[in-house]
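Trainee: For reference, the structure I am asking about is given below.
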Amino acid sequence: MRQPGVIVCGHAGVAVPITDHLLAAGAPVTVVVRTADAAARATRDGVGVVVCAGPLGEALIAAGLETADAVVCVEDGEMANLETALVARRLRPDVRIVTRLANATVGGALAATDDGHHDTVLDVADLAAPSVVEACLGITTHRITAAGIDVVAATVPVGRDGTLREIFGDLAPLAVTAHDGEMVACPGRDHRVAAGDVATMLGTADEFAAHGLTIDEVSEEGARPRPPGMVRRARAAVRSFVRDANPNFFRMLLVLVALLVVSTTVLRLFYRKPGMSVLDAVYFSTETIATVGYGDFTFSDQAVALRIFSIVLMFLGLTTTAMVMAFLAELLISRRIAEAAGRRRARFMTGHVVVIGLGAFGIRVARDIAARGREVVIVERSVDNRFLSAASASSIPVVIGDATLASTLADARVHTAGAVAVLTSDDMVNIETGIAVRGALGDAWATRVDRRGVPVVLRVFDRAMGDAVADRFGFRNVRSTTELAVPWFVGAALGLQVLSTFTVQSMSFVVGRLRVAPDGGLVGVAMQELSAHTRVIAIRRHDSGDLEYPPRRGTSFAAGDEAYVVGPHEELLAVLEHQRVG
């Protein structure tokens, strides 16, 4: 029987790239699926497929659970993932289990073990949200804690021509972005740069300060806009009333005014015993049209023609007044609905963040941004969305409408926003909405984006599609939830503890902790023998407990050491493969 290194339960969504990355790391993989149709879709070179036609435990045993390194539970249903994790734990207590669960209560209980089990519970929304928040808020400084040392990955401008070593000394380079937009990941210190380039360097705050570099800090409170003045509020109220009212309301109002003018004229000219002033005529006309009749003026002693006119006037006035009141009631009701949906709260916002798409991912991003003190408006198409109550509990206004329509984007005040995050679960909808947002920004799109004033962040599931969309449509902040979440699942399955992830331009970097296995291929390997695109932040020695920061190029790994590494996740997979082949 084929003995897999990792069992992946699931065949769609994030399970596909997880399987691909495990294969790239040299780990044998077997996929467990629930149906024969799913087995056909999961079949590929180098992957064994087991169909769960009976009890789940039998399928896991058939997949090689007895000798597997890890079980990754990433099916579409959370109950299926929970069942798989529990069954696998019962059958094999010492196997690593990685489970995808969005339910924080159940996930926390599953991960809270004190019996030595290796349970890792992950939620894709939690893993991918920080990168989107950073893009929306323009955060370019990432704090990393490795072995008790606080290091910083900071993006700084290059002020002169030269090599990275000449300009930044011992700071470790993570990425360099040329002025034309081309990025080089983890270049050597002898890499030449020019004034106007941007470099992402790794080091402590003191090391940055020693080179005269200031690290940008992002306040948790954020910048709160000043409340609008009375004149601005009045203008906004008038514009909102005109926009929200039924057009027939203004027609009926015009008819009512016409009746009042005609009645005032007739009474002023033809009312006798005694005659009427203009003010009396306006007053009596208003009484008649409103059918109030206080008794101070009557038509009883007037000419027949004037009494007939009064009858027609009362019927017309009653009908017109009733219609005006009906339209006002309709307006009040619609305005109450609009207020509940967040339109009125969004009316005065400037510099806020617009989050389009209210799902598990969207609400997490919105909450994180709101927690930093920035105003947030969510745009959601469905009035039955199950996260509406969560948004209300967080005091985040929601605008109900189609975000591809200019009117909806205007309600969310996209044209005054500080950032827009398009985070629905449909890639095509996200692309279409991103284009609509670009249109709403108008001629200011290119200028403001280049100034990093209005980042438009698009969620695209597949990384290759995201790169193509960014290249074709000019979006600079395309985030693949797959690329952001997969390193955590793969790392946990292969023994790499992912500590954090961050994004430089469109490339994801992973910070992880790796224990050097006694029989692994990293024993005796020096720093310069690792992948050129991987940085070792620090090493904690197993034999002495000493911490080496930063490790030198000639430093070698020893069995049991803990290595803290950072780099693009593909490069860290190469390090894991190096360990496995030993």
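Trainee: In region 272-329, how does Rg compare with the Kirkwood Rh, expressed as the Rg/Rh ratio over alpha carbon atoms?
Mentor: Rounded to two decimals, Rg/Rh equals 1.02.
Trainee: Another question, then. At q = 0.27 Å⁻¹, work out log10 I(q)/I(0) for region 247-297 with the Debye formula, treating every Cα as an identical point scatterer and leaving solvent out; two decimals please.
Mentor: These q points yield log10 I(q)/I(0) values of -1.01.
Trainee: Also: Hey, any idea what % of the chain's accessible area is carbon plus sulfur with a 1.4 Å probe?
Mentor: Result for the chain: 56 percent of the exposed heavy-atom area is carbon or sulfur.
Trainee: Here is a further query. What number does region 15-157 give for Rg over Rh if you use C-alpha atoms and the Kirkwood radius?
Mentor: 1.04
Trainee: For region 16-69, what is the convex hull volume of its Cα atoms per residue in Å³?
Mentor: Considering the Cα atoms of region 16-69, their hull volume per residue is 73 Å³.
Trainee: What is the log10 of I(q)/I(0) for region 361-432, computed with the Debye formula using one identical point scatterer on each Cα and no solvent, at q = 0.21, 0.24, 0.27, 0.28 Å⁻¹?
Mentor: Debye curve over Cα of region 361-432, log10 I(q)/I(0) at q = 0.21, 0.24, 0.27, 0.28 Å⁻¹: -0.98, -1.29, -1.56, -1.61.
Trainee: Treating only the Cβ of Lys, Arg, Asp and Glu as charged (+1, +1, -1, -1), what charge dipole size does region 118-197 show about its Cα centre? Round to the nearest 20 debye.
Mentor: With Lys and Arg at +1 and Asp and Glu at -1, about 280 debye.
Trainee: Kirkwood hydrodynamic radius of region 339-400 from all distinct Cα pairs, in Å?
Mentor: 11.3 Å
Trainee: Follow-up question, since we're still on this one. Once you charge only the Cβ atoms, +1 for Lys and Arg and -1 for Asp and Glu, what is the size of the charge dipole of region 37-139 about its Cα centre, to the nearest 20 debye?
Mentor: 160 debye
Trainee: Here's something else I'd like to know. Taking +1 at the Cβ of each Lys and Arg and -1 at the Cβ of each Asp and Glu, which of Leu60, Leu572, Leu171 sits farthest along the dipole of the chain towards its positive end, judged by Cα position relative to the Cα centre?
Mentor: Going by the charge dipole, the pick is Leu171.
Trainee: If exposed means no more than 15 neighbouring beta carbons inside 10 Å and the site is in a DSSP loop, what's the longest run of the chain without any exposed trypsin sites (Lys or Arg not before Pro)?
Mentor: Within the chain, the longest run free of exposed trypsin sites (Lys or Arg not before Pro) spans 45-159.
Trainee: Relative to the Cα centre, what is the charge dipole magnitude of the chain, using +1 at the beta carbon of each Lys and Arg, -1 at the beta carbon of each Asp and Glu, and rounding to the nearest 20 debye?
Mentor: About 2720 debye.
Trainee: Turning to a different aspect of this structure: Among Phe327, Gly351, Thr43, whose Cα projects farthest towards the positive end of the dipole of the chain, with charges put on the beta-carbon of Lys, Arg (+1) and Asp, Glu (-1)?
Mentor: The one lying farthest along the dipole's positive direction is Phe327.
Trainee: What are the radius of gyration and Dmax of region 488-553, computed over its Cα atoms and given in Å?
Mentor: Radius of gyration, then largest Cα-Cα span, for region 488-553: 13.1, 40 Å.
Trainee: Quick check on the chain: helices-only [θ] at 222 nm, where DSSP H runs of length 4 and up contribute -39,500 (n - 2.57) each and the sum goes over total residues. Nearest 500, please.
Mentor: -13000 deg cm²/dmol
Trainee: Still on this structure: Heavy atoms only, 1.4 Å probe, whole protein assembly: order Leu313, Leu259 by accessible area, highest first.
Mentor: Largest to smallest exposure gives the sequence Leu259, Leu313.
Trainee: Relative contact order for region 261-324: what percent, with Cα pairs under 8 Å and sequence separation of 6 or more?
Mentor: Once normalised by length, the contact order is 33 percent.
Trainee: Hey, could you pull the Cα Rg and Dmax for region 457-582, both in Å?
Mentor: Here Rg and the maximum Cα pair distance are 16.2, 54 Å.
Trainee: Taking the DSSP beta bridges in the chain as the whole, what percent of them are antiparallel, to the nearest 5?
Mentor: Approximately 55 percent, going by the DSSP bridge assignments.
Trainee: Working from the alpha-carbon coordinates of the chain, get Rg over Rh, Rh being the Kirkwood radius.
Mentor: Using Cα coordinates only, the ratio equals 1.18.
Trainee: Mind checking which of Ser389, Leu82, Ala154 is farthest towards the positive end of the chain's charge dipole, using Cβ charges of +1 (Lys, Arg) and -1 (Asp, Glu) about the Cα centre?
Mentor: Ser389
Trainee: Hey, if we sort Thr404, Thr291 by accessible area with the 1.4 Å probe, largest down, what's the order?
Mentor: Ranked from most to least accessible, the order is Thr291, Thr404.
Trainee: Counting only heavy atoms of the protein chains, get the accessible area per residue of the chain (1.4 Å probe) and round it to a whole Å² value.
Mentor: Heavy-atom accessible area per residue stands at 47 Å².
Trainee: In whole angstrom, and with the biggest value first, how far do the Cα coordinates of region 363-496 range along each principal axis?
Mentor: Computed over the Cα atoms, the extents are 49, 38, 27 Å.
The values are calculated or read from the model by the stated rules, or taken from the named source; none is laboratory data. This one's a predicted model, so the numbers in the text were calculated from it and none came from an experiment. Don't worry about glycine lacking a Cβ; one is built from the backbone with ideal geometry, like all the others, and counts go over all protein chains shown. Quick note on the areas: whole protein, heavy atoms, side chains included, nothing else; ligands and nucleic acids left out. Shrake-Rupley method; radii C 1.70, N 1.55, O 1.52, S 1.80 Å.
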